[in-house]
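Engineer: Just dropping this structure here.
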Amino acid sequence: MKRLCAVVLSLQAVVTALAIPVAIGVSHADATTAGLVGGGLALAGLVIAGLLRYRWAYVAGSILQILVIATGFVVKPMFFLGVIFGALWCTAIWLGRRVERVQAR
């Protein structure tokens, strides 16, 4: 489960970082704000991916999913991308637990 969730968070960090120029160019967001928020979310995703050995990191990852979806209020495509990554996050947790149960047998 840890590997799957780490992959989701890492890919989400890349997509979130790539959304910064979109927020500036298309949505006319303030460059500093877009950089701080987008960069902060991307960095948080990478840090949480590295901390998934702790149970609380999964809660933090879930909160991060909500925050990424909330960026859709500034950059509309982030609603779609946030929901996609949220679904991947939930699927990674579900599938990871399922695999761990099968391996435990």
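Just so it is clear, none of the values below were taken in a lab; they were calculated from the coordinates. All values reported here derive from a predicted model rather than from experimental measurement. So basically every Cβ, Gly included, is an ideal-geometry build from the backbone, and we count neighbours across all protein chains shown.
Engineer: Taking 0.36 nm per intervening residue step and subtracting the Cα-Cα distance, what contour gain separates residue 80 from residue 47 on full extension?
Structural biologist: Full extension from residue 80 to residue 47 adds 9.5 nm.
Engineer: Evaluate E = 1/(1 + (r/R0)^6) for residue 70 and residue 101, where r is the Cβ-Cβ distance and R0 equals 41 Å; express this FRET efficiency to the nearest 0.05.
Structural biologist: 0.80
Engineer: Which angle from 0 to 90°, rounded to the nearest 10, does the C-alpha axis of helix 77-104 make with the longest principal axis of the chain?
Structural biologist: 10
Engineer: In whole angstrom, how far apart do the alpha carbon centroids of segment 1-32 and segment 88-105 sit?
Structural biologist: Taking the Cα centre of each part, segment 1-32 and segment 88-105 sit 25 Å apart.
Engineer: Angle, helix 31-50 long axis vs. longest principal axis of the chain, Cα atoms, 0 to 90°, nearest 10?
Structural biologist: It is inclined by approximately 10 degrees.
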